[in-house]
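The values are calculated or read from the model by the stated rules, or taken from the named source; none is laboratory data. All values reported here derive from a predicted model rather than from experimental measurement. FYI the Cβ positions are ideal-geometry reconstructions off the backbone, even for glycines, and counts take in every protein chain you see. We work out accessible area using only protein heavy atoms, side chains counted, and drop any ligands, DNA or RNA first. Shrake-Rupley method; radii C 1.70, N 1.55, O 1.52, S 1.80 Å.
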Amino acid sequence: MFEAILTNDQRRLRDEAREFVRSVPRKLILDMDADRVQYPSDFVHEAGRRNLLGLRFPLEYGGRGLRWEDEVLAIEEVGVLGTSLACAYVMPSIVGEALNSFGSSGQKERWLKPLLTGEKVAAEALTEPRGGSDFFGTTTEARRESDHYVLRGQKRFIVGAAKSDFFLVYARTDPRGPPHRSISAFIVERGPGVEAEYLYGLLGTRGGGTGQLVLDDVRVPKENLIGSENGASDIFYRMMIPERMTSAAGAIGMGRAALEVAARYSERRKAFGEKIRRFQAVSFKIADSVTMLDAARGLVYAAARSVDANDTPNRSRRLVSEAKKFATDSAWQVINHSMQIMGGIGYTNVYPIERLMRDARLIMIWTGTNEVMDLIIQHEYYREVLSSRAETRDTEADAQEAERTSEKVYE
Ligand SMILES: Cc1cc2nc3c(=O)[nH]c(=O)nc-3n(C[C@H](O)[C@H](O)[C@H](O)COP(=O)(O)OP(=O)(O)OC[C@H]3O[C@@H](n4cnc5c(N)ncnc54)[C@H](O)[C@@H]3O)c2cc1C
């Protein structure tokens with residue numbers, strides 16, 4: 001984040017996160033990328049031991065009672081480790097949101113607390129083989145039977161599936177109800193009928209336990225329902241804040257990591273007897289990249305402030321979506337520029353740029369594709385601009401022939 005706007009406490013938090021990130025063994029990153037490690041359990045335990053998980057949740061459940069404005073600082077730092085470790089780090093913040101905002105105190109004690117100490121691992125299960133963008137088309141079903149529900153269905157691409165102790169699962173509880181009023185959220189613990197295995201040959205983001213989740217008539221006690229029956233749309237919308245804020249903040253760290261490697265390389269590497277950073281084609285790529293990262297940081301910060309300030313949900317939703325789209329697109333472009341600056345050696349595994357590039361391709365797809373972000377951004381912008389005319393200057397009238405209404409033809 002920008003040095004000038006950080007408080008001393010925020011600087012300390014950022015430095016604490018940096019210290020944690022420096023302590024992560026290089027071997028873990030390489031073993032995960034080579035699929036030799038399926039889930040970074042020690043890393044999550046260590047983050048929990050340092051009280052660095054779910055920073056904005058209340059102290060009584062193991063958080064630090066901070067704000068988004070603070071949490072994004074730590075996430076940017078962890079982002080330099082790549083997508084898989086950053087995702088393992090933020091998952092308690094994502095699943096924890098549902099528990100913290102909609103769970104009972106008993107549910108928070110039982111599931112939020114061990115999540116924040118790193119004792120338990122959780123995953124969120126939204127996406128199904130039939131599609132992820134159309135969330136409200138969920139076909140996983142939950143049938144009520146006396147004091148429990150019976151869940152049946154399949155979820156796909158679930159990060160942490162291989163190691164999770166419990167899953168936050170969305171399932172349809174009213175097959176005949178309208179899509180927004182027929183889905184419920186459950187905590188499903190690993191047990192009979194729950195099949196979750198490490199799967200998929202991923203381009204990058206390996207070692208995070210991504211797998212399929214099959215629910216075969218799983219009996220889930222009614223006490224595991226989060227919020228109200230058929231009321232999961234509110235939980236979904238709320239969870240999309242951490243889902244997208246964490247992608248956005250982590251992306252900045254990834255772009256930053258690649259750019260630092262490329263900038264240092266361009267100071268040492270020579271061509272035609274000159275350091276390559278003396279060529280404008282190289283140094284202007286650095287200029288473009290650092291500007292994109294700073295712009296992304298500004299947007300992430302604005303979105304964080306909007307959520308912290310309880311801004312109108314529509315405005316927060318737009319800003320969070322803009323931050324996710326812009327930060328992930330920017331990270332991809334910055335990593336691409338970094339590879340170009342490094343020439344052929346940037347394309348090899350002598351440097352980490354190729355790994356970061358493989359990781360970064362995913363962040364434009366998950367937590368809502370960037371096309372879905374565009375849908376939300378335009379929707380919320382139209383809603384705002386079409387209803388706010390009276391408050392702003394009518395600039396349409398600032399034209400010489402503005403009164404010529406006969407020329408203003410719309411159909
Ligand atoms: C490695 C990995 C990890 C993941 N982790 C998780 C996880 O932990 N939990 C989880 O629940 N999910 C997870 N996902 C799923 C991810 O969020 C989805 O893949 C994503 O939301 C897109 O859904 P889809 O793949 O079904 O694509 P689809 O929804 O089928 O979309 C296909 C294409 O159509 C476009 N499209 C769809 N609808 C529209 C529209 N209305 N307007 C414009 N374009 C549209 C999309 O942008 C996309 O380009 C993960 C995915 C991967 C690959």
Check: Of all residues in region 133-163, how many are more than 10 Å from the ligand (Cβ to nearest atom), touching a helix residue (DSSP H, G or I) at 6+ places or on another chain (Cβ under 8 Å) and open to solvent by 20 Å² or more (accessible area, probe 1.4 Å)?
Finding: 4
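Let's see how each residue does on (1) surrounded by 15 or more Cβ atoms within 10 Å (Cβ to Cβ); (2) β-branched (Val, Ile, Thr); (3) in contact with a strand residue (DSSP E or B) (Cβ under 6 Å, 6 or more places away or on another chain):
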residue: Gly207; (1), (2), (3): yes, no, no
residue: Gly211; (1), (2), (3): yes, no, yes
residue: Val214; (1), (2), (3): yes, yes, yes
residue: Val218; (1), (2), (3): yes, yes, yes
residue: Glu260; (1), (2), (3): no, no, no
residue: Phe272; (1), (2), (3): no, no, no
residue: Lys285; (1), (2), (3): yes, no, no
residue: Arg305; (1), (2), (3): yes, no, no
residue: Thr312; (1), (2), (3): no, yes, no
Checklist line | So Glu124, is it open to solvent by less than 10 Å² (accessible area, probe 1.4 Å), within 12 Å of the ligand (Cβ to nearest atom), touching a strand residue (DSSP E or B) at 6+ places or on another chain (Cβ under 8 Å) and charged (D, E, K, R) | finding: no
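Condition check ((1) under 27 Å from Phe102 (Cβ atoms); (2) free of Cβ contacts under 8 Å to residues at least 60 places away in the same chain; (3) within 14 Å of the chain's Cα centre (by Cα)) across all residues:
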site	(1), (2), (3)
Asp234	yes, no, no
Ile241	yes, no, yes
Arg244	yes, no, yes
Ala248	yes, no, yes
Glu260	no, yes, no
Arg268	no, yes, no
Lys275	no, yes, no
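With the requirement that a residue be closer than 30 Å to Arg268 by Cα and without any contact (Cβ under 8 Å) to a residue 60 or more places away in the chain, what does region 346-373 give you?
Here is the first cut: in region 346-373, the residues closer than 30 Å to Arg268 by Cα are 346-361.
The answer is Tyr347, Thr348, Asn349, Val350, Glu354.
Can you name the residue in region 138-177 that is among the acidic types (Asp, Glu) and assigned to a strand (DSSP E or B) and is also farthest from Glu124 (Cα to Cα) among such residues? Spell out the reasoning first.
Narrowing region 138-177 to residues among the acidic types (Asp, Glu): 141, 145, 147, 165, 174.
So of that shortlist, the ones also assigned to a strand (DSSP E or B) come out as 141, 145.
Details: Glu141: 16, Glu145: 24 Å.
Across region 138-177, the extreme among qualifying residues is Glu145.
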Check: Which one of these does Gly54 not meet: (1) in a helix (DSSP H, G or I); (2) touching a residue at least 60 places away in the same chain (Cβ under 8 Å)?
Finding: (1)
Next item on the list: Please state which of the following conditions Gly48 fails to meet, knowing it meets all the rest: (1) modelled with pLDDT of 95 or more; (2) surrounded by fewer than 20 Cβ atoms within 10 Å (Cβ to Cβ); (3) of a type in the set (Gly, Ala, Ser).
Entry: (2)
Check: Among the residues of region 377-384, is any open to solvent by less than 40 Å² (accessible area, probe 1.4 Å), in contact (Cβ under 8 Å) with a residue 12 or more places away in the chain and basic (Lys, Arg)?
Finding: no
Next item on the list: Please enumerate the residues belonging to region 314-345 that are among the small types (Gly, Ala, Ser) and open to solvent by 20 Å² or more (accessible area, probe 1.4 Å).
Entry: Gly343, Gly344
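For region 181-219, name all the residues that are part of a strand (DSSP E or B) and among the polar types (S, T, N, Q). Walk me through how you get there before you give the answer.
Taking region 181-219 first, the residues part of a strand (DSSP E or B) are 183-189, 194-198, 211-219.
Scanning region 181-219 gives Ser184, Gln212.
Residues checked against (1) crowded, with 22+ Cβ neighbours inside 10 Å; (2) within 16 Å of the ligand (Cβ to nearest atom); (3) under 13 Å from the mean Cα position of the chain (by Cα):
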| position | (1), (2), (3) |
| --- | --- |
| Gly63 | yes, no, no |
| Glu76 | yes, no, yes |
| Thr83 | yes, yes, yes |
| Met91 | yes, yes, yes |
| Phe102 | no, no, no |
| Lys108 | no, no, no |
| Leu112 | yes, no, no |
| Gly131 | no, yes, no |
| Phe166 | yes, yes, no |
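Here's the yes/no breakdown for (1) free of Cβ contacts under 8 Å to residues at least 24 places away in the same chain; (2) farther than 20 Å from Lys222 by Cβ; (3) among the charged types (D, E, K, R); (4) part of a loop (DSSP other than H, G, I, E, B):
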| position | (1), (2), (3), (4) |
| --- | --- |
| Ala88 | no, yes, no, no |
| Pro92 | no, yes, no, no |
| Leu99 | no, no, no, no |
| Gly106 | no, no, no, no |
| Arg110 | yes, no, yes, no |
| Leu116 | no, yes, no, no |
| Glu119 | no, yes, yes, yes |
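Pull up region 202-234, narrow it to residues that are among the polar types (S, T, N, Q) and closer than 15 Å to Ser104 by Cα, then point me to the one that is farthest from the ligand (Cβ to nearest atom).
Within region 202-234, the first condition is being among the polar types (S, T, N, Q), and the residues that meet it are 205, 210, 212, 224, 228, 230, 233.
Pick out the ones that are also closer than 15 Å to Ser104 by Cα and you get 224, 228.
Working: Asn224: 18, Ser228: 21 Å.
So, considering only residues that are among the polar types (S, T, N, Q) and closer than 15 Å to Ser104 by Cα, the one farthest from the ligand (Cβ to nearest atom) is Ser228.
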